[in-house]
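Single-structure report; data block below.
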Amino acid sequence: MQLADLEKFDGVPFLFWAKDEQGKYLWGNRTISQFASGDVVGKTDRDMVWADNAEVLQAADKQVFSTGKPIFRHEKIDKSSRGQATLNVCKWLGELDGTRCCYGISFVIE
């Protein structure tokens, strides 16, 4: 997939992102940027308002990279623009502009 292909998902009403193997956001749509109270690109979960949850979030990403299999789970976020949140998340392995990445898509369930 190319970065330009993801632009059509910028306005969708769910969080959508891609991270590299070091956990850096390669792309994030407008919804995740609003949830993070700022642009996510170039940052890791440790740089976000939800830094306290970074270890758990990154462990799930590493699982996708190591197994190559998608995962479906709930992730709890202690801080966001909406306060505490529980997300229904799907993460899967892919490629973005030639870089192996973990895609994620989620929505807030509480």
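Of the residues making up segment 11-64, those that are among the β-branched types (V, I, T), part of a helix (DSSP H, G or I) and buried (at least 18 other Cβ atoms within 10 Å of the Cβ) number 3. Among the residues of segment 64-79, those identified as closer than 20 Å to W27 by Cβ and either within 13 Å of the chain's Cα centre (by Cα) or of a type in the set (V, I, T) (or both) are V64, I71, E75, I77. Residue check: is A54 under 20 Å from E110 (Cα atoms) and touching a helix residue (DSSP H, G or I) at 6+ places or on another chain (Cβ under 6 Å)? So A54 fits the description; yes.
What residue, among those in segment 68-110 that are in a loop (DSSP other than H, G, I, E, B) and of a type in the set (K, R), is surrounded by the most Cβ atoms within 10 Å (Cβ to Cβ)?
Filtering segment 68-110 for residues that are in a loop (DSSP other than H, G, I, E, B) and of a type in the set (K, R), the one surrounded by the most Cβ atoms within 10 Å (Cβ to Cβ) comes out as K79.
The number of residues in segment 26-42 being over 15 Å from I77 (Cβ atoms), in contact with a strand residue (DSSP E or B) (Cβ under 7 Å, 6 or more places away or on another chain) and free of Cβ contacts under 8 Å to residues at least 24 places away in the same chain comes to 3.
No value in this document is a laboratory result; all are computed from the given coordinates. Everything numeric in this text was worked out from a predicted model, so none of it was measured. Here the Cβ is made from the backbone with ideal geometry for all residues, glycine too, and neighbour counts use every protein chain on show.
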